[in-house]
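Chemist: Let me give you the structure first, and then I'll get to my questions.
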Amino acid sequence: MHIKKTRIWKFFSSIKLAIWLLAIIAVLSLIGTFIPQNESPAFYMEKMGHAGYSFLLKTGLDNIYCSWWFILFLTLLSLNLAACLVNRLPLKIRSLGTFIAHLGILVILLGAFIGIIYGEKALIKIGEQEEVSSFMARGRRVDLGFSIRLDDFIYTEHVDPKERLLVYSARDHVEEPITQIPVEIGKESEIADTGSRIRILRYLPDFVMDTSTKEVSSRSGMPNNPAIEAELKDKFGDIKTFWVFARFPDMHQRMDPDFKFIYHWAGRRPKDFISKVTILKGPKEIMRGDIRVNGPLDFGGYRFFQSTYDTEELRWSGLQVVKDPGVGVVYAGFLLLIAGVTAIFYVNPVIKRR
């Protein structure tokens, strides 16, 4: 009996099998977008608890794309495509486009296999002036072959246009503010027609004061106690500095008999976070660069992405390091797929008319 007539061959070359496999892989990929992948045990324990983390470990849902069952479905799809390609032999000119398109998909899957087997992906947390030369992936330590140092971490925020410092007259007891000042650090604004001027000196999201030294700082990066420091210059040139608290508007309100200040905090969100890094080999600096969201840094076969950061105290930056030797193969597969689809829709109609 010819092999193409056997049940096994017909099973692996059937269109129904291809549809089912594509549907299963699509569902698994969708699950992988909802469940964060390759995070630390502490992350999963905090989000899902001990039972949830144990379930993820047993099922491999914390690293879906490298799990044995995901690789199994990719293997079955590859066998299905290979069988379909063999069924089209010997080739006819009219079926050349379909053959090339199927071959392109098979090459893309091959590139995915190379990336799964030989690729590396992990998250490294690095503090300012700290150097990292290796990372943990799949339970083993991987040596980069160089070091990466975080020189500086820059975090900026979007300030809501509705955020204002409201200035009221303390003498007239008017309910409406006489001036609304945008919270722009360093900008000096005039208070109505009083001759006094005010300047915002700094913003702290979580104000705290050291009782022994009287020094103020931000306890964290979270807006638990947002406050702004302002400088008031009256018409005689006298200068006073004071703090205005969004959650405690009555604090420090006796500093000036003419005005009352209300800090209307409207919420802030991250605008940009950038890791300024240096690549080193031993003591020698090789290159410097910035890693930002949608702006990775490539070096030594690795790609570094700006992934996360310390939202509490801004003390470290989280860089995702990726090495995928199958990328070139995947690109080649896409070129074949484009060529095959082009042949199907543009070359085949010309051949049929002849």
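A short reminder: the numbers here are calculations on the coordinates, not readings from a lab. Fair warning: this is a prediction, and the values are worked out from it, not measured in the lab. Cβ sites come from the backbone with ideal geometry, for glycine too, and all protein chains shown count toward neighbours.
Chemist: So who's got an amide H within less than 5 Å of the one on residue 302, skipping anything under 5 residues away but keeping other chains? H placed 1.01 Å off N, in plane.
Modeler: none
Chemist: Working out 0.36 nm times the residue gap between residue 210 and residue 22, then minus their Cα-Cα distance, what length gain in nm do you get to one decimal?
Modeler: Values: separation 188, 0.36 × 188 = 67.68 nm, distance 6.03 nm.
Separation in residues times 0.36 nm, less the Cα-Cα distance, equals 61.6 nm.
Chemist: With unit charges on the beta carbon (Lys/Arg positive, Asp/Glu negative), name the residue among 60, 223, 150 whose Cα is farthest towards the positive pole of the charge dipole of the chain.
Modeler: 60
Chemist: Kindly state, to the nearest 0.05, the FRET efficiency for residue 87 paired with residue 31, given R0 = 25 Å and r defined as their beta-carbon distance.
Modeler: 0.20
Chemist: Express the relative contact order of the chain as a whole percentage, based on alpha carbon pairs under 8 Å and six or more residues apart in sequence. Let's see the in-between values first.
Modeler: Details: 622 pairs, mean separation 71.9, N = 354.
Reported as a whole number, the value is 20 percent.
Chemist: Please give the charge dipole size of the range 161-266, origin at the Cα centre, charges +1 on K and R Cβ atoms and -1 on D and E Cβ atoms. Round to the nearest 20 debye.
Modeler: 200
Chemist: Assigning unit charges at the beta carbon (Lys, Arg +1; Asp, Glu -1) and nothing else, what dipole magnitude in debye, to the nearest 20, does the chain show about its Cα centre?
Modeler: Computed charge dipole of the chain: roughly 3340 debye.
Chemist: Under the rule of at least 5 residues apart or a separate chain, name every residue whose amide H is placed under 5 Å from the amide H of residue 202.
Modeler: Placed amide hydrogens put 229 under 5 Å from residue 202.
Chemist: Please identify the DSSP H helices in the chain that span no less than 20 Å along the helix axis (Cα) and have a mean Kyte-Doolittle hydropathy of -0.5 or more. Don't jump to the answer; show the numbers that get you there.
Modeler: Numbers: long enough: 15-34 (29 Å, 2.36); 68-87 (28 Å, 1.84); 96-118 (32 Å, 2.29); 327-342 (22 Å, 2.24).
Helices meeting the criterion: 15-34, 68-87, 96-118, 327-342.
Chemist: Would you mind computing, in nm to one decimal, how far apart the modelled labels at residue 239 and residue 154 are, each placed 7 Å from Cα along Cα→Cβ?
Modeler: Here the modelled spin labels are 2.8 nm apart.
Chemist: Over the range 1-109, one equal point on each Cα, no solvent: what is log10 I(q)/I(0) by the Debye formula at q = 0.24 Å⁻¹?
Modeler: So the normalised log intensities are -1.26.
Chemist: Of 27, 264, 305, which is farthest towards the positive pole of the chain's charge dipole, taken about the Cα centre with +1 and -1 on the beta-carbons of Lys, Arg and Asp, Glu respectively?
Modeler: Checked the options; the winner is 27.
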